[in-house]
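Right, one structure below, let's go through it.
Since every read-out is calculated from the coordinates, none of them should be taken as a lab result. As the structure is a computational prediction, the values presented were derived from the model and not from experiment. Every residue, glycine among them, receives a Cβ derived from its backbone with ideal geometry; neighbour counts consider all protein chains shown.
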Amino acid sequence: MPYTGKVAVGGPPDVHELTDLVISKVAVGPMENNAYLLRCRATGEQLMIDAANEPDTLLSLIGEDGIGAVVTTHRHGDHWQALDTVVQATDARTYAGRYDAEGIPVPTDVPLEDGDAVTVGRITLTARHLRGHTPGSIALVYDDPHGHPHLFTGDCLFPGGVGNTHGDAEAFTALLNDVEAKLFGELPDETWVYPGHGADTTLGAERPHLAEWRERGW
């Protein structure tokens with residue numbers, strides 16, 4: 001079945017088969033978070049993005065091969081409820097944005113700055129620091145040499161807008177500025193976006209609405 005990015009809590013993962021990388025997306029409750037498992041085809045090494053909840057679901061997805069790392073996109077509790085259990089079971093290294101690490105109760109082995117590389121096997125992801133939703137939110141970019149980029153945005157970008165800044169005008173401006181400059185300003189329309197909740201999108205689908213988002217203020 002072709003990948004759609006549509007998953008439901010309690011349902012099966014959706015699997016995006018790329019030339020060098022396999023991306024499995026699963027939804028976990030109770031806040032319908034997305035968790036992503038990335039597998040390097042060449043080496044079999046695996047990395048998880050956001051061990052959000054339901055550790056049994058995530059460990060089943062990981063399987064017997066284990067994982068080398070878990071990246072937490074930001075400090076909000078719904079994105080790390082299963083982190084301790086997954087790390088204890090797999091001995092994975094933990095990664096998070098430097099300015100959010102103190103808000104995550106599981107110690108961060110590798111604090112990430114803007115532009116830092118995160119590797120899984122022969123695959124390299126690039127961290128982008130996006131201020132506003134939290135002080136240290138990060139997105140991860142996989143620039144596929146065989147196709148378009150793939151972008152994991154946590155809660156910083158969704159279909160229809162940027163992440164929640166709870167009515168804080170300064171935080172909203174910072175987030176939209178960073179998203180415009182570091183994501184829309186550097187990546188093509190074909191870039192596939194994998195958010196922290198809900199359905200996927202592309203930068204091309206969202207780009208025409210940037211001015212509208214800025215005007216509405218959320």
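Need at least 2 residues that are without any contact (Cβ under 8 Å) to a residue 24 or more places away in the chain and not β-branched (Val, Ile, Thr) per element, so show me which strands (runs of 3 or more DSSP E) inside segment 110-193 make the cut, counting only ones lying wholly within it.
none
Looking at the structure I just gave you, is VAL106 surrounded by fewer than 24 Cβ atoms within 10 Å (Cβ to Cβ), part of a helix (DSSP H, G or I), touching a residue at least 12 places away in the same chain (Cβ under 8 Å) and among the β-branched types (Val, Ile, Thr)? Quick ask: steps written out before the conclusion?
Working: surrounded by fewer than 24 Cβ atoms within 10 Å (Cβ to Cβ): yes; part of a helix (DSSP H, G or I): no; touching a residue at least 12 places away in the same chain (Cβ under 8 Å): yes; among the β-branched types (Val, Ile, Thr): yes.
Taking the combined requirement at face value, the residue does not satisfy it.
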Output for segment 121-141, where each listed residue is within 21 Å of GLY44 (Cβ to Cβ) and surrounded by fewer than 22 Cβ atoms within 10 Å (Cβ to Cβ): GLY121, ARG122, ILE123, THR124
Considering only segment 173-192, I want to know if a residue exists there that is under 23 Å from VAL22 (Cβ atoms), aliphatic (A, V, I, L, M) and in contact with a strand residue (DSSP E or B) (Cβ under 6 Å, 6 or more places away or on another chain). yes
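I'm checking my understanding of the structure. Among residues of segment 69-88 that are in a loop (DSSP other than H, G, I, E, B) and out of contact with any strand residue (DSSP E or B) (no Cβ under 6 Å at 6 or more places or on another chain), which one is nearest to LEU37 (Cα to Cα)?
Filtering segment 69-88 for residues in a loop (DSSP other than H, G, I, E, B) gives 73-76, 80-82.
Filter once more, so that each one left must be out of contact with any strand residue (DSSP E or B) (no Cβ under 6 Å at 6 or more places or on another chain): 75-76, 81-82.
On the way: ARG75: 19, HIS76: 20, GLN81: 16, ALA82: 14 Å.
My answer is ALA82.
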Checking GLY160 against (1) among the small types (Gly, Ala, Ser); (2) in contact with an Asp or Glu (Cβ under 9 Å, 6 or more places away or on another chain); (3) within 28 Å of ARG122 (Cα to Cα); (4) surrounded by fewer than 24 Cβ atoms within 10 Å (Cβ to Cβ), the condition it does not meet: (3)
